[in-house]
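K.L.:
Have a look at this one.
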Amino acid sequence: MADVTLRHVYKVYDGSVRAVNDFDLEIKDKEFVVFVGPSGCGKSTTLRMIAGLEEITAGQLYIDGELMNEVEPKNRDIAMVFQSYALYPHMTVYDNMAFGLKLRHTPKDEIDRRVKKAAEILEISELLSRKPKALSGGQRQRVALGRTIVRDPKVFLLDEPLSNLDAKLRVSMRSEITKLHERLQTTFIYVTHDQTEAMTMGNRIVVMKDGYIQQADTPITLFENPSNLFVATFLGSPQMNIIEAELFMEGKTLKAKLNGSTDVVTFPDIKAKQLANKKYIGQKVLLGIRPEHVIPGKGDIEVDVDVVEHLGDETILYTKMKNRKEQFILKLPFNSKLHANEKTNVEFNMEFVYMFDKDTQKAIMGIPYEDEIPVRIEGDKLTIGKQVKTLDPDFKSHLLDNAFNNDVRLGIKPDYISRESIPDSLEIEAKLEFIEQKTDYQAVFFSIEGVDGYFAMKVRNDEKVTLDQITHLYLPYQRIFIYDKDNNKVKSREVVHPNVTTAEVKNINGMMKVKVAGTTLSYPSEENVPDGVYNLTFKQDKLVPIFTKKMVKKGFENPVFDNPNNKIFVSAYDEDILGSKLLTYVEVAGLEYYASFIVDNKFSVYKMPKFELYVPRDGFELTPKGE
Ligand code: ADP
């Protein structure tokens, strides 16, 4: 029994392979969480970091509130089951299961009790005297599970445990493992690349891609409300049809013209409302419709059937729409009468049409992954529509220069918005405009006076919501992100200290020598910078990392520097991904706190303990030091 919390966990291999980025997740006691995603997305790495088999590059791992980063795997009270079950061939099932306990000097009668109990749970009591070679694949996998159950761990980690089994066995073992979880009442974390396995087993699924969490939610919500194109197309088989379409209004009705054809689809009001004020009207978007939500024999979209696949319980039709090259897939009952080379008309079930931004690929209807609200930050004031708020000083100390006096957006995951007052939160007033009933929750949409569009939160089905009501909403500061217009984060994880230190300037032979941070930088002299002692402020976004020889060998290229000697030496401390940019926290000689520099997100400071930053003249400001 245990909660597992990952806070901003990163894994960087070889100084530049970012296997896992900013993995932030709370796994509750007794939850069955599945990590799913294509090969190489970082699932196993994350699991192995939880197990302690892989070092955590940055971030924190807590089990039951205790920091685990430096705790030996054997002391984490975790059991891991791998895809190869590696049983000892010369030992009986009983001895295989007892082996680990013997090593730990567990008393014999205690071992016997535990092995028999585990065998009972797994229904392998009658196999205890057999050797592994006399077992089927499924039975061997059960013994492998038994070996971990006897240890009575707090957390079970399972890394593709079924991938060596044949298709039929996999299906039955799936439900075995689900039942096992119910019986053991323990936290399970399960890794698979198989979406069906994920959907059928997890209480909650974490969809990953390229080392980032894409969405973490219940199977139904992921299916019903995918937050981006990747999640939408990754889950569901055959995958969701995606069609480019142009949105337009006809009176008060939202419609979309499918690209490459004259076909038009009409949205129901509840969907249209979610877009009503948004910038997408008149724009091209990506429409998504799952094969099972296309209804043949109705409507006026004509399709040609290319191929018909009878799968027993259902029929898959591969078709093409008029004037469109892309395949369009329908999923019909097994007794569908449609044949290849036939034409049919189809209609979309518009309750289940999804919409995605063409560039960001984020969902633009339903509950978004993150609510985004345009705001303005000036000094310690944050303006949202007509509301002006005084910012919490701690929150402000995490903002980068770019956050101030520019158009920025506040982002917050809908799950973190509360209707009840919570400490350290930003309180805003919003009007409850409409509700869309989902299977697991109510999607509640709010408007804020003076702000275009709506933003959404989830409310449990048994909670009361009242339309048109002005509601106080509480956004925990810790969970708020701020983004600039290029989608880069401008709020950092760590406090941003000013990059200020003392510098001594001496002009010699037309050159201005600036002694700072344990080095001397050299630039042409400037009229208004006489010899003297100055306050020097390094600019956050103007210094350029110089790649080491090792990195250059790996293909990282250094630009040509005017004066390659103008560089400061820094020691890496931490980093924070801001989108396409990287914020590096580094130690610089002479600075009281760490400094922070924004560089391109091409390398990682983790495992580059020391490096150099090139300092162009516009990379710092000098102000005379007061007497
Ligand atoms: P998954 O389990 O989702 O298939 P992994 O966690 O195994 O993905 O790998 C994530 C990324 O990290 C991949 O790009 C992989 O090549 C890389 N990677 C994994 N292990 C190592 C390693 N020991 N050294 C360097 N790169 C690695």
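The values are calculated or read from the model by the stated rules, or taken from the named source; none is laboratory data. Because the structure is predicted, anything quoted here is derived from the model rather than measured. Cβ: placed from backbone, ideal geometry, glycine included. Neighbour counts: every protein chain shown. For the accessible areas, the whole protein counts, side chains as well, though only heavy atoms, and no ligand, DNA or RNA atoms are used. Shrake-Rupley method; radii C 1.70, N 1.55, O 1.52, S 1.80 Å.
K.L.:
Would the stretch 193-215 turn up any residue that is away from the ligand (no atom under 16 Å from the Cβ) and closer than 27 Å to residue 113 by Cα?
P.N.:
no
K.L.:
Would you please name the residue that is most open to solvent (accessible area, probe 1.4 Å), looking only at residues in the stretch 250-278 that are assigned to a loop (DSSP other than H, G, I, E, B) and either of a type in the set (Gly, Ala, Ser) or not assigned by TED's automatic domain parsing to the domain that holds residue 320 (or both)?
P.N.:
Among those residues, the one meeting the criterion is 251.
K.L.:
Let me ask something else. From the list 395, 446, which residue is over 30 Å from residue 595 (Cβ atoms) and open to solvent by less than 30 Å² (accessible area, probe 1.4 Å)?
P.N.:
Details: 395 fails: over 30 Å from residue 595 (Cβ atoms).
Just one listed residue meets the conditions, 446.
K.L.:
Out of 58, 2, 98, report the one residue that is more than 13 Å from the ligand (Cβ to nearest atom), over 25 Å from residue 218 (Cβ atoms), in contact with an Asp or Glu (Cβ under 7 Å, 6 or more places away or on another chain) and open to solvent by less than 50 Å² (accessible area, probe 1.4 Å). Even if it seems obvious, please write down each step before you answer.
P.N.:
Details: 2 fails: over 25 Å from residue 218 (Cβ atoms); 98 fails: in contact with an Asp or Glu (Cβ under 7 Å, 6 or more places away or on another chain).
Answer to the check: 58.
K.L.:
Name the residue, out of 281, 367, 295, that is open to solvent by less than 20 Å² (accessible area, probe 1.4 Å) and either touching a residue at least 12 places away in the same chain (Cβ under 8 Å) or assigned to a strand (DSSP E or B) (or both). First the steps, then the outcome.
P.N.:
Details: 281 fails: open to solvent by less than 20 Å² (accessible area, probe 1.4 Å); 295 fails: open to solvent by less than 20 Å² (accessible area, probe 1.4 Å).
When all the criteria are applied, what remains is 367.
K.L.:
Cβ-Cβ distance below 9 Å, separation of 6 or more or different chains: which pairs start in the stretch 330-343 with a residue that is among the polar types (S, T, N, Q) and end on one that is open to solvent by 80 Å² or more (accessible area, probe 1.4 Å) and in a strand (DSSP E or B)?
P.N.:
336/310
K.L.:
May I pose another question? Of everything in the stretch 8-20, what is more than 8 Å from the ligand (Cβ to nearest atom) and open to solvent by less than 20 Å² (accessible area, probe 1.4 Å)? Give them in sequence order.
P.N.:
9, 10, 12, 15
K.L.:
Looking at the stretch 534-572, which of the residues that are at pLDDT below 90 and not in a loop (DSSP other than H, G, I, E, B) is farthest from residue 515 (Cα to Cα)?
P.N.:
553
K.L.:
Mind listing whichever residues of the stretch 176-194 are in contact with a helix residue (DSSP H, G or I) (Cβ under 6 Å, 6 or more places away or on another chain) and not hydroxyl-bearing (Ser, Thr, Tyr)?
P.N.:
Of all residues in the stretch 176-194, those in contact with a helix residue (DSSP H, G or I) (Cβ under 6 Å, 6 or more places away or on another chain) come to 178, 183, 188, 191-192.
Correct list: 183, 188, 191.
K.L.:
Tally up the residues in the stretch 512-563 that are under 27 Å from residue 400 (Cα atoms), among the polar types (S, T, N, Q) and open to solvent by 20 Å² or more (accessible area, probe 1.4 Å), please.
P.N.:
Of the residues in the stretch 512-563, 4 are under 27 Å from residue 400 (Cα atoms), among the polar types (S, T, N, Q) and open to solvent by 20 Å² or more (accessible area, probe 1.4 Å).
K.L.:
Let me ask another. Report the residue count in the stretch 600-621 for those that are among the aliphatic types (A, V, I, L, M) and either surrounded by fewer than 19 Cβ atoms within 10 Å (Cβ to Cβ) or in contact with a helix residue (DSSP H, G or I) (Cβ under 9 Å, 6 or more places away or on another chain) (or both).
P.N.:
First pass over the stretch 600-621, keeping only residues among the aliphatic types (A, V, I, L, M): 605, 608, 613, 615.
From the residues that got through so far, the ones that are either surrounded by fewer than 19 Cβ atoms within 10 Å (Cβ to Cβ) or in contact with a helix residue (DSSP H, G or I) (Cβ under 9 Å, 6 or more places away or on another chain) (or both) too are 608, 613.
Residues in the stretch 600-621 being among the aliphatic types (A, V, I, L, M) and either surrounded by fewer than 19 Cβ atoms within 10 Å (Cβ to Cβ) or in contact with a helix residue (DSSP H, G or I) (Cβ under 9 Å, 6 or more places away or on another chain) (or both): 2 in total.
K.L.:
Considering the stretch 309-340 alone, what residues qualify as being in contact with a strand residue (DSSP E or B) (Cβ under 7 Å, 6 or more places away or on another chain), in a strand (DSSP E or B) and open to solvent by 40 Å² or more (accessible area, probe 1.4 Å)? Talk me through it step by step, then tell me what you get.
P.N.:
Start the filter on the stretch 309-340 by keeping residues that are in contact with a strand residue (DSSP E or B) (Cβ under 7 Å, 6 or more places away or on another chain), which leaves 309, 314-322, 327-334, 336, 338-340.
Restricting the remaining residues to those that are in a strand (DSSP E or B) gives 309, 314-321, 327-333.
Matches in the stretch 309-340: 309, 314, 318, 320, 327, 331, 333.
K.L.:
Right, here's the next one. In the stretch 158-176, is there at least one residue being at pLDDT 90 or above, open to solvent by less than 10 Å² (accessible area, probe 1.4 Å) and more than 16 Å from the ligand (Cβ to nearest atom)?
P.N.:
No, the stretch 158-176 contains no residue that is at pLDDT 90 or above, open to solvent by less than 10 Å² (accessible area, probe 1.4 Å) and more than 16 Å from the ligand (Cβ to nearest atom).
K.L.:
Here is a follow-up. For a quick check of your reading of the model, give me the residue pairs whose first member lies in the stretch 4-17 and is of a type in the set (Ser, Thr, Tyr), whose second is within 12 Å of the ligand (Cβ to nearest atom) and open to solvent by less than 30 Å² (accessible area, probe 1.4 Å), with beta-carbon atoms closer than 9 Å and at least 6 apart or on different chains.
P.N.:
What qualifies is 10/19; 10/20; 10/21; 10/23; 10/211; 13/19; 13/45.
K.L.:
Could you please let me know if residue 411 is within 27 Å of the chain's Cα centre (by Cα) and more than 29 Å from residue 498 (Cα to Cα)? Working first, answer last.
P.N.:
Working: within 27 Å of the chain's Cα centre (by Cα): yes; more than 29 Å from residue 498 (Cα to Cα): no.
No; evaluated as a whole, the condition is false for this residue.
K.L.:
To continue, here is another question. Please go through the stretch 123-134 and pick out each residue that is open to solvent by 10 Å² or more (accessible area, probe 1.4 Å) and of a type in the set (A, V, I, L, M, F, W, C).
P.N.:
Passing the criteria: 128, 134.
K.L.:
From the list 81, 93, exactly one residue is surrounded by 15 or more Cβ atoms within 10 Å (Cβ to Cβ) and within 16 Å of the ligand (Cβ to nearest atom). Which is it? Even if it seems obvious, please write down each step before you answer.
P.N.:
Working: 93 fails: within 16 Å of the ligand (Cβ to nearest atom).
Exactly one residue qualifies, and that residue is 81.
K.L.:
Would you please name the residue that is farthest from residue 579 (Cα to Cα), looking only at residues in the stretch 495-511 that are in contact (Cβ under 8 Å) with a residue 40 or more places away in the chain and open to solvent by 50 Å² or more (accessible area, probe 1.4 Å)? Before the answer, list the steps.
P.N.:
So the first thing to find is which residues in the stretch 495-511 are in contact (Cβ under 8 Å) with a residue 40 or more places away in the chain, and the list is 495-497, 499-503, 505.
If we keep only those that are open to solvent by 50 Å² or more (accessible area, probe 1.4 Å) too, we end up with 500, 502.
Numbers: 500: 26, 502: 32 Å.
My answer is 502.
K.L.:
Could you please give the count of residues in the stretch 577-596 that are farther than 19 Å from residue 10 by Cα and of a type outside the set (Val, Ile, Thr)?
P.N.:
Looking only at the stretch 577-596, we keep the residues that are farther than 19 Å from residue 10 by Cα, and these are 587-595.
Add one more test, that the residue is of a type outside the set (Val, Ile, Thr), and what stays is 587, 589-595.
So the answer is 8.
K.L.:
Quickly run through the stretch 21-51 and pick out the residues that are in contact with a helix residue (DSSP H, G or I) (Cβ under 7 Å, 6 or more places away or on another chain) and near the ligand (Cβ under 7 Å from one of its atoms). Reasoning before the result, please.
P.N.:
In the first step, residues of the stretch 21-51 are kept if they are in contact with a helix residue (DSSP H, G or I) (Cβ under 7 Å, 6 or more places away or on another chain); the result is 23, 32, 34-37, 51.
Within the stretch 21-51, just 37 meets the criteria.
K.L.:
Report every pair of residues separated by at least 6 positions or lying on different chains whose Cβ atoms are under 8 Å apart, first residue within the stretch 376-402 and more than 19 Å from residue 485 (Cβ to Cβ), second of a type in the set (Phe, Trp, Tyr) and surrounded by 13 or more Cβ atoms within 10 Å (Cβ to Cβ).
P.N.:
Hits for this filter: 379/404; 392/477; 394/477; 395/477.
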